[in-house]
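One structure is given below, encoded as structure tokens.
The values are calculated or read from the model by the stated rules, or taken from the named source; none is laboratory data. Remember, predicted model here, so these are calculated numbers, not experimental data. Cβ placement follows ideal geometry from the backbone for every residue including glycine, while neighbour counts extend to all protein chains displayed. These accessible areas exclude ligands, DNA and RNA; they are computed on the full protein's heavy atoms, side chains included. Shrake-Rupley method; radii C 1.70, N 1.55, O 1.52, S 1.80 Å.
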Amino acid sequence: MKNYDIIVIGGGPAGMMAAGRAGELGAHVLLIEKNDRLGKKLSITGGRRCNITNAEYDNRIFLDNFPESKHFLFSPFSQFNVEHTFEFFEGRGLPIMIEDHKRAFPKSEKASDVCKVLERYIQESGNVTVQLNTEFKSFIYIDGALQGVRTSKGLFHAPRIVLATGGLAAPETGSTGEGLSMLEAIGHTVVDPDPNLAPLRTSATWVHELSGTSVDDMTLRYIQNDKIKLKARGRLLFTHFGISGPLVINSAHQAKALLKVGPVTASIDLFPDYDLGAMDQFLIRLFDAHKNKQLKTVLKDLLQKNLSETLLKLAGPSLADTPVHSITKDERKRLVHTLKDLRFPIIGTMGFEWSIVADGGVIPQEVDFKTMTSRLFPNLYLIGDTININRPSGGFSLQLCWTTGWIAGTHAATN
Ligand SMILES: Cc1cc2nc3c(=O)[nH]c(=O)nc-3n(C[C@H](O)[C@H](O)[C@H](O)COP(=O)(O)OP(=O)(O)OC[C@H]3O[C@@H](n4cnc5c(N)ncnc54)[C@H](O)[C@@H]3O)c2cc1C
């Protein structure tokens, strides 16, 4: 059997980066992946366009997006940060473009191109053996020391092991959580996985019926006990189960925390630039300009067709065919309210299958972030989604993979 210096378990972005880096430095690496190809989740990221990082070059500002864990991350980001990510990918022939909120994507807009760069990186040193269709089962653990791994294809030994099996988000891509169970089995403290960045569910059927409709600019509020607990503005997508879009996904953990306390109502303001009075004045002017038209025709110019139909159902179905000059003041006020405070109950988050990131993983206190080694086992490296680090969407998750993977590869190869 061939002797390896390092075994990397998991061929996602973090594992591929670690394996490639260690191979580049001359280590003999075995990369184990249970799927029949590398980077299955990576290839569906960012709607298959891959939001590869967030183009904030100032480490301090970048790490403000990790409020609970930023103090752990200064050291790794002093070794490999966003600028290095740009150099890494652009230097390997993958130009990157920057969109709103500094979200960075490959110019080709293909997540598969990101995968290809990493696959080439892994192959280029000739030092990395990729073993696909091989499932990691457990650690070989003798006298308190990790000496290798048991897999569906037999035993493999190496003095250093990098665990990159991911979290539980999108389990159909291979991240099914065995890595975390194995860490728990050898004594690590693992926070139970829980869908974090995920769409939200509602029981309101009119929301489900709007599935596929998106609103580019609105304000979303979460209300509990008549108090506004969260207010955020941006794009919203109605789905067959509830609501989605970056704004919803990023606020899902707050909604989840509120749901633990009691019922939560969502309220959508479709015209956030107008207060109630201004909205009323706007409708008065609009109705004056189109006196003889039916309300349903006037609303269609204001909102998308299915959204205006839903609004009419909610504000008063009998109004649809009414010419706007006959609409009473009370009816208009009701319409204003519906446009500015469209309410529905939130009943939970969608499960792991729909989540982008799942909370959970090894607690950061048990990781030495200078080298990405476990504080319990000096020859075990933990990277990517195996560590419990809360962060928003926008390229932050993959940047964590590039940073932690590169550091683990570097230190495992030179240790
Ligand atoms: C739909 C979706 C879109 C996303 N979009 C973005 C985005 O645009 N930008 C961004 O920054 N983040 C995005 N994310 C989050 C990002 O994809 C993850 O944070 C990232 O993939 C984590 O990388 P990882 O290498 O730690 O784990 P993973 O990508 O989960 O890879 C782990 C690998 O380990 C393998 N594995 C697991 N268990 C075993 C085992 N027992 N034996 C062998 N192999 C095993 C798996 O098959 C998998 O290939 C998205 C996530 C999802 C679900």
Yes or no: the range 318-332 includes at least one residue that is surrounded by 20 or more Cβ atoms within 10 Å (Cβ to Cβ), within 11 Å of the ligand (Cβ to nearest atom) and assigned to a helix (DSSP H, G or I). no
Log entry, pairs with first residue in the range 362-378 being assigned by TED's automatic domain parsing to the domain that holds residue 402 and surrounded by fewer than 20 Cβ atoms within 10 Å (Cβ to Cβ), second being in a helix (DSSP H, G or I) and among the polar types (S, T, N, Q), beta carbons closer than 6 Å, six or more apart or on different chains, reads 370/75
Return a yes/no flag: does the range 246-259 have any residue that is of a type in the set (A, V, I, L, M, F, W, C), more than 21 Å from residue 197 (Cβ to Cβ) and in a helix (DSSP H, G or I). no
Being within 28 Å of residue 11 (Cβ to Cβ), surrounded by 14 or more Cβ atoms within 10 Å (Cβ to Cβ), basic (Lys, Arg) and touching a helix residue (DSSP H, G or I) at 6+ places or on another chain (Cβ under 6 Å) is the requirement here; does residue 160 meet it? yes
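Could you go through the range 208-215 and let me know if any residue there is β-branched (Val, Ile, Thr), over 15 Å from residue 343 (Cα atoms) and in a strand (DSSP E or B). So that I can check it myself, show each step before the final result.
Initially, the range 208-215 is screened for residues β-branched (Val, Ile, Thr), giving 213, 215.
In the following step, the residues that additionally are over 15 Å from residue 343 (Cα atoms) were identified as 213, 215.
This time we only want the ones that are in a strand (DSSP E or B), so: 215.
Scanning the range 208-215 turns up at least one residue that is β-branched (Val, Ile, Thr), over 15 Å from residue 343 (Cα atoms) and in a strand (DSSP E or B).
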What about residue 257, is it at negative phi and open to solvent by less than 10 Å² (accessible area, probe 1.4 Å)? no
Looking only at the range 196-206, decide whether some residue is touching a His at 6+ places or on another chain (Cβ under 8 Å), open to solvent by less than 50 Å² (accessible area, probe 1.4 Å) and within 16 Å of the ligand (Cβ to nearest atom). yes
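Go through the range 30-59 and give me each residue that's hydrophobic (A, V, I, L, M, F, W, C) and open to solvent by 30 Å² or more (accessible area, probe 1.4 Å). Don't jump to the end; show me each part of the working.
Going through the range 30-59, the residues hydrophobic (A, V, I, L, M, F, W, C) turn out to be 30-32, 38, 42, 44, 50, 52, 55.
Hit for the range 30-59 is 44, nothing else.
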Qualifying position, being at pLDDT 90 or above, touching an Asp or Glu at 6+ places or on another chain (Cβ under 8 Å) and outside any helix (DSSP H, G or I), among 272, 345: 272
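Can you confirm whether residue 226 is open to solvent by 70 Å² or more (accessible area, probe 1.4 Å) and over 23 Å from the mean Cα position of the chain (by Cα)?
Numbers: open to solvent by 70 Å² or more (accessible area, probe 1.4 Å): yes; over 23 Å from the mean Cα position of the chain (by Cα): yes.
Taking the combined requirement at face value, the residue satisfies it.
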Top-ranked residue in the range 9-29 [being crowded, with 24+ Cβ neighbours inside 10 Å and either in contact with a Phe, Trp or Tyr (Cβ under 6 Å, 6 or more places away or on another chain) or not assigned by TED's automatic domain parsing to the domain that holds residue 150 (or both); ranked as farthest from residue 395 (Cα to Cα)]: 9
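Can you tell me how many residues in the range 47-61 are free of Cβ contacts under 8 Å to residues at least 40 places away in the same chain, within 16 Å of the ligand (Cβ to nearest atom) and either more than 14 Å from the chain's Cα centre (by Cα) or not assigned by TED's automatic domain parsing to the domain that holds residue 109 (or both)? Lay out the reasoning, then the answer.
Pass one, the range 47-61, residues free of Cβ contacts under 8 Å to residues at least 40 places away in the same chain: 47, 57-61.
Now narrow it down to the ones that are within 16 Å of the ligand (Cβ to nearest atom): 47.
Now drop any that are not either more than 14 Å from the chain's Cα centre (by Cα) or not assigned by TED's automatic domain parsing to the domain that holds residue 109 (or both), which leaves none.
Here the count works out to 0.
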Taking the criterion of being outside the structural domain of residue 48 (by TED's automatic domain parsing) and touching a Leu at 6+ places or on another chain (Cβ under 6 Å), would at least one residue in the range 195-210 satisfy it? no
